[in-house]
Amino acid sequence: MGAELIRGIDKSSGKVKHIDEVPNGLKCNCKCPDENCLEDLIAVNGGERREHHFRHSVDTNCLGEQESALHLMAKQIIAESNELLIQVKEYFSYSKSIIEKPLEGVIVDVQIENQDEVIWLVEIAVTHFVDNEKLEKLQRLNLNVLEIDLKDIDRRIKTEKLKDVVLINLNNREILLRESSDKVVSNENESIFSWTIGLLLMIWGGCKALKAYKAGKINRKYGIKPRRRSKHSRRPNR
Ligand SMILES: [Zn+2]
């Protein structure tokens, strides 16, 4: 039962459809989500006896790539939304989205961007989590990266429920990288550096002023001394 095909690709829109969102039979207008297959599907969603599913319109051994269809649907949900929960009390509102964005030699599941050009890269884990190699590549971009874990999700989950899981569920997401943290650190370093230079200049200036002041005071106090000395020193010469 688990291997049954629950999602197909709508042939008109190219979007993933859950079995309960399409008309029965060939009217579903769907094809297999497996890129090596892409055969027409027949929706079997009329009865109550059997769990609703798609079947191929031709004889085939294809199982229909359930995982990639779920993965694609999750990406579509983010691309079609305009707000995503990042962490507790932090939502990101965005106006632009790109599915499967190539960056730094990797393909990012979804890139979302707001009016201020703040970017979040969203990775959706259905079978694979972001590995160290990918993370290192993403690190070079200094962008925000969020990972959403759909690994243990019920593969039959309906679209409306999947939307909640992808967009607003608190327990399945993790911030892998934060853009601002790096920038804040470098800004802090910069300001500490200039503050230290400023302080050193002040101390140096202060010392110089104090020296000049002391010298002036000595000269005033023993003003005669240097003259006497010079007279003394001249006398033996004469
Ligand atoms: Zn197929």
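The values are calculated or read from the model by the stated rules, or taken from the named source; none is laboratory data. Bear in mind the structure is a predicted one, so any value in this text is a computation, not a measurement. Note: ideal-geometry Cβ built from the backbone for every residue, glycine included; neighbour counts use all protein chains shown.
Of the residues making up the stretch 20-36, those that are at pLDDT 95 or above and near the ligand (Cβ under 9 Å from one of its atoms) number 2. Out of everything in the stretch 1-19 that is small (G, A, S) and free of Cβ contacts under 8 Å to residues at least 60 places away in the same chain, what residue ends up being nearest to the ligand (Cβ to nearest atom)? So the residue we want is G14.
Would you check if there is a residue in the stretch 159-174 being within 14 Å of the chain's Cα centre (by Cα) and crowded, with 17+ Cβ neighbours inside 10 Å?
Checked against the condition, which is being within 14 Å of the chain's Cα centre (by Cα) and crowded, with 17+ Cβ neighbours inside 10 Å, the stretch 159-174 yields at least one hit.
Condition (residue is surrounded by fewer than 16 Cβ atoms within 10 Å (Cβ to Cβ), among the hydroxyl-bearing types (S, T, Y) and within 16 Å of the chain's Cα centre (by Cα)) applied to the stretch 124-135: is it met by at least one residue? Break it down into steps so the answer makes sense when it comes.
Within the stretch 124-135, the first condition is being surrounded by fewer than 16 Cβ atoms within 10 Å (Cβ to Cβ), and the residues that meet it are 127-129, 131-133.
Narrowing further to those that are among the hydroxyl-bearing types (S, T, Y): 127.
Narrowing further to those that are within 16 Å of the chain's Cα centre (by Cα): none.
No, because not a single residue in the stretch 124-135 is surrounded by fewer than 16 Cβ atoms within 10 Å (Cβ to Cβ), among the hydroxyl-bearing types (S, T, Y) and within 16 Å of the chain's Cα centre (by Cα).
Just so you know, in the stretch 57-79 the residues that are crowded, with 18+ Cβ neighbours inside 10 Å and within 11 Å of E4 (Cα to Cα) include one that is nearest to the ligand (Cβ to nearest atom), and it is G64. For beta carbons closer than 8 Å, sequence separation of 6+ or different chains, a first residue in the stretch 25-42 that is part of a helix (DSSP H, G or I) and a second that is charged (D, E, K, R) and away from the ligand (no atom under 12 Å from the Cβ), the qualifying pairs are C28/K17.
If you go through the stretch 37-56 and keep only what is over 14 Å from E4 (Cβ atoms) and either touching a Pro at 6+ places or on another chain (Cβ under 8 Å) or within 13 Å of the ligand (Cβ to nearest atom) (or both), you end up with C37, L38, E39, D40.
Yes/no matrix, rows are residues, columns are (1) modelled with pLDDT under 95; (2) under 14 Å from the mean Cα position of the chain (by Cα):
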site	(1), (2)
F92	no, yes
W120	no, yes
Q139	yes, yes
L143	yes, yes
R155	yes, no
K183	yes, no
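Going residue by residue through the stretch 147-155, is there one that turns out to be in a strand (DSSP E or B), over 27 Å from H53 (Cβ atoms) and free of Cβ contacts under 8 Å to residues at least 40 places away in the same chain? Yes, the stretch 147-155 contains a residue that is in a strand (DSSP E or B), over 27 Å from H53 (Cβ atoms) and free of Cβ contacts under 8 Å to residues at least 40 places away in the same chain.
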